[in-house]
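The values are calculated or read from the model by the stated rules, or taken from the named source; none is laboratory data. Remember, predicted model here, so these are calculated numbers, not experimental data. Reconstructed Cβ throughout: ideal geometry from the backbone, glycine too, with neighbour counts over all protein chains shown.
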Amino acid sequence: MFQKETYIRRRQALKKKIKKGLILLPGNVEAPANYAANTYKFLQDSTFLYFFGLDIPGIVGLIDVEADTDCLYGDDFTIDQIIWTGPQPALRELGEKVGVIGNTYTLFELQSVILKAIKQGRKIHFLPPYRSHNKMQVKNLLGVSSRALENYVSVELIRAVVSLREIKEEEEIAEIEKACETGYRMHTTAMKLCRPGINEREIAGAIEGIALRKGWGLAFTSIVSEHGEILHNPHYTNRLKPGRLLLVDAGAATDRCYNSDFTRTMPVDGVFTQKQKDIYNIVLEANNNTFRLITPGVTYQSLHLEAAKVIATGLKELNLLKGSVDDIVQNGAYALFMPHGLGHQLGLDAHDMEDLGERYVGYNDKTERSSMFGLGSLRMGRELLPGHVLTVEPGIYFIPQLIQKWQKERINAAFINYDTVADYLDFGGIRLEDNALVLKKGCRMLGKKRIPITPDEVEETMRQEAEF
Ligand code: GLY
Ligand code: MN
Ligand code: MN
């Protein structure tokens, strides 16, 4: 955790943004994988972690705006538990580390505080719970039905939390930089291991080991696949074949749970074919061009469309698309090849604050989410502010099922050369993802060194021996 002043300051800032009432912030609890004693690796709720810093299951934060008090509710370990867990600090001691002094109570006491507030007609602010346990907990505390729960979610609190968490502080940026350092090691190791005959799982396991050695572990389940055209492919079942491309989308989380999120794509043989390089360089230019354009005040939606223009221009030169670039982009024809968004915010979550609702995180009154195929998948569309941390992740994919559907239904038929597309059906996919910090003017790429990205750099790295 950070120094206690960080958490005190963050809670003070939150109280300033909420007019009145109680702010209920439940942390996560252990979740059984297949039986109670075999739990998933514990991951704290990011908003609880942001305001209360304790990476420990079973604690609830409660902030009283009018009384200006910050409280923690949780049960100290019993001797029967300590036999299994070893000595554990009392909640009172934990509270002191994050600036909650003298305001720690048992979970049992929380119910009566909430009931009293309800009787007094006070507003109880809470965020949309995304885990079953937390849904039950909030529903039981407030005495509302599961169905009604979402009606009581506090949009005022969502907006306040987003406005604080989306602007990264110096110490948060330093953490993300650390996650980027680990990401560098993970991706260069993947490049060094990649060769025909190796199993995807050997590479996935090696990079997961690096993430664990350096911090909390993986930011999310890595994608390590010679089927890069399957956008979120969590399986590592293939033995890499000559002629294929390997796509690796992976990031690390630090001990304080800040994340990186990078993607690189490499030729299994260690050398790109001209056909692969032609597509690769279009994606690389879309990535580089986005970094040239990121600056406060522009919308990320407009930068998605700029990336789409780069892709449309490149694919036109390869005779895969036809017509004017503006028409291709306006009609969404490029989305056959890039059906996802240009990026998302990054921080305590890999998709930062996605649990709070993308319409509040990635969009606002000025920028609405598009309903168009492709652009509609963009998670972050709003205007950029200094302190935003974002991913930049353009890609080009040849998804046989999607191509077949569009061809059959003549979707955007005027713009697509299906005869040429037919030569690419077994190409796979390319994505190149880096992480950006928006500055007062322009942006900065996060990470001390950029992960090798030009075809020459990738090929050179692939010639090196992996060290563990
Ligand atoms: N792996 C998910 C993403 O890059 O957004
Ligand atoms: Mn990614
Ligand atoms: Mn990403």
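Below are the figures for this structure:
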item: Residue selected from the range 344-365 under the condition more than 16 Å from ligand 3 (Cβ to nearest atom) and without any contact (Cβ under 8 Å) to a residue 40 or more places away in the chain, by the criterion nearest to R131 (Cα to Cα); result: R359
item: Residue satisfying condition, being modelled with pLDDT of 95 or more, among the charged types (D, E, K, R) and touching a Phe, Trp or Tyr at 6+ places or on another chain (Cβ under 8 Å), within set E109, E66, E93; result: E109
item: Candidates Y334, Y280, filtered to the one that is touching a strand residue (DSSP E or B) at 6+ places or on another chain (Cβ under 6 Å) and farther than 30 Å from F51 by Cα; result: Y280
item: Output for the range 376-396, where each listed residue is within 16 Å of ligand 2 (Cβ to nearest atom) and farther than 18 Å from D434 by Cα; result: S377
item: Condition check for D255: within 16 Å of ligand 3 (Cβ to nearest atom), in contact with an Asp or Glu (Cβ under 9 Å, 6 or more places away or on another chain) and of a type in the set (D, E); result: no
item: Test: residue in the range 442-450 that is within 19 Å of Q276 (Cβ to Cβ), in a loop (DSSP other than H, G, I, E, B) and either touching a strand residue (DSSP E or B) at 6+ places or on another chain (Cβ under 7 Å) or touching a residue at least 60 places away in the same chain (Cβ under 8 Å) (or both); result: no
item: So D261, is it touching a residue at least 12 places away in the same chain (Cβ under 8 Å), of a type in the set (D, E, K, R) and within 16 Å of ligand 3 (Cβ to nearest atom); result: yes
item: Residue in the range 198-220 that is more than 17 Å from the chain's Cα centre (by Cα), surrounded by fewer than 22 Cβ atoms within 10 Å (Cβ to Cβ) and among the aromatic types (F, W, Y) present; result: no
item: All positions within the range 215-260 that are among the acidic types (D, E) and under 20 Å from L43 (Cα atoms); result: D255
item: Elements of type helices (runs of 4 or more DSSP H) in the range 39-151, at least 1 residues being under 23 Å from the mean Cα position of the chain (by Cα); result: 46-52, 132-142
item: Test set (1) surrounded by fewer than 24 Cβ atoms within 10 Å (Cβ to Cβ); (2) under 25 Å from Q301 (Cβ atoms); (3) away from ligand 1 (no atom under 14 Å from the Cβ) - A436 fails condition number; result: (3)
item: Qualifying position, being in contact (Cβ under 8 Å) with a residue 40 or more places away in the chain, within 16 Å of ligand 1 (Cβ to nearest atom) and among the β-branched types (V, I, T), among V248, V268, V298, V224; result: V248
item: Flag for N238 being away from ligand 2 (no atom under 15 Å from the Cβ), surrounded by fewer than 20 Cβ atoms within 10 Å (Cβ to Cβ), under 24 Å from the mean Cα position of the chain (by Cα) and without any contact (Cβ under 8 Å) to a residue 40 or more places away in the chain; result: no
item: Odd one out for R369 among (1) out of contact with any Pro (no Cβ under 9 Å at 6 or more places or on another chain); (2) within 16 Å of ligand 2 (Cβ to nearest atom); result: (2)
item: Count of residues meeting criterion [away from ligand 1 (no atom under 11 Å from the Cβ) and either closer than 14 Å to V392 by Cα or out of contact with any Leu (no Cβ under 9 Å at 6 or more places or on another chain) (or both)] in the range 331-349; result: 3
item: Scope the range 108-145; condition within 21 Å of E354 (Cα to Cα) and hydroxyl-bearing (S, T, Y); matching residues; result: Y130, S132
item: Selection status of I453, within 16 Å of ligand 2 (Cβ to nearest atom), closer than 24 Å to T313 by Cα and either part of a loop (DSSP other than H, G, I, E, B) or of a type in the set (A, V, I, L, M) (or both); result: yes
item: Scan of the range 368-403 for residues that are assigned to a loop (DSSP other than H, G, I, E, B), surrounded by fewer than 17 Cβ atoms within 10 Å (Cβ to Cβ) and not acidic (D, E), ordered by number; result: S371, M372, F373, L385, P386
